[in-house]
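Engineer: This is the structure I want to talk about, given as structure tokens.
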Amino acid sequence: MKFNAINKFEPRDNKAYQSKMPTHSLLFALMSRINKRSVDETDANSVAIVGAGCGEIDMLTIKAAQTIISAQAIVYDNLVSKDILQLAADDCEMHYMGKRFGEPSATQEQINLKLLQLNQQGKVVIRLKGGDPNVFGRGAEEALFLAQHGIKSEFIAGVTAALGCAASAGIPLTHRKVSRSVTFVTGHNCDDSAVEWSGLLASKSTLVFYMGKERAAFIAHGLLKAGAKLSLPVAFISNGGRTDQQVTTATVKEMVEVADSIKVDGPTLLIVGEVVAIGQQLANCMSELDLGQMVNNLPLECAYG
């Protein structure tokens, strides 16, 4: 799909996008609602800090879509899917300022200045981030910088990676028998003190590490040092919410070796806790249901010999 400068829904020739065109009346109604928002309704004196959700366009909120369609300049990061960027108007300025682990990237200061410069040019500006802008997204840092320079901003929530990846992988983040809370942790700056790791384990909380694959050895060391069982289940979810999603399960004992074996370019989330085993149990039950369905669909002579 593609939206033109006056925000009207237009089909594309590209078959990949044609397959996403709405066919249900409810989806048509939602598209009509999106189309009603015009550039005139947006505030050029304010910057929208928008969460693009986890994965492809299916996880994007209606409000986020409305904002993207109306933008005159978009500053986006590395985790925003291409199909979401396709929602922007043809004449919208696109500024890539992403960060990639271990690679040269735009600094936060450069991103802040870019937002300021675009706003001062009188453009309708949005800062577009993968996931949610305020879950390890530095959204508040950018909002404070803008406010200190006399510019208002608003946050538009997105489906954060922990929620989107866990759902698409079939892993519950909480379960009343094994985990009554969930803790989000950044994999980049994990504290190595025994007190910190012990606190995480003592709460019996599901632990979700953003960008956890790259720091798997550090995380495993911290968990084991704090007394985690070697058999504690973990799951690596790569490219969560996308068509090429990959889920790899292991235990704390194996997680470093398994992390090294995962060769993907996209982001990888790490879930640690007994909920991973619940997810595996659910997957096994679903496989049995699929197998049963296949048997039921066979001719009687094939199913029963």
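Engineer: Test of the criteria: in segment 198-265, which trypsin sites (Lys or Arg not before Pro) are in a DSSP loop and have at most 14 other Cβ atoms within 10 angstrom of their Cβ?
Structural biologist: Sparse-neighbourhood loop trypsin sites (Lys or Arg not before Pro): LYS204, LYS229, LYS263.
Engineer: Then there is this: Could you work out how far the C-alpha centroid of segment 207-270 sits from that of segment 170-188, in angstrom?
Structural biologist: 14 Å
Engineer: What is the projected area of the convex hull of the Cα atoms of segment 131-231, averaged over all directions, in nm²?
Structural biologist: If I average the Cα hull's projected area over directions, I get 8.2 nm².
Engineer: Here's something else I'd like to know. Give me a comma-separated list of calculated 3J(HN,Hα) values for segment 140-154, in order, Karplus coefficients 6.51, -1.76, 1.60 applied at θ = phi - 60°, integers in Hz, x for any Gly or Pro.
Structural biologist: These are the phi-based 3J(HN,Hα) values: 5, 4, 5, 5, 5, 4, 5, 4, 5, 10, x, 10, 7, 8, 9 Hz.
Engineer: Here's another thing I want to ask about it. Looking at this model, which pairs from LYS63/LYS204; LYS82/LYS253; LYS82/LYS213; LYS129/LYS229; LYS177/LYS263; LYS99/LYS213 are more than 27 angstrom apart at the alpha-carbon?
Structural biologist: Checking Cα-Cα distances, LYS63/LYS204; LYS82/LYS253; LYS129/LYS229; LYS177/LYS263 exceed 27 Å.
Where a number appears in this text, it was derived from the coordinates with a stated rule and is not lab data. Please read all numbers here as calculations on a predicted model, not as lab measurements. Note that each Cβ is placed from the backbone with ideal geometry, even for glycine, and that neighbours are counted across all protein chains shown.
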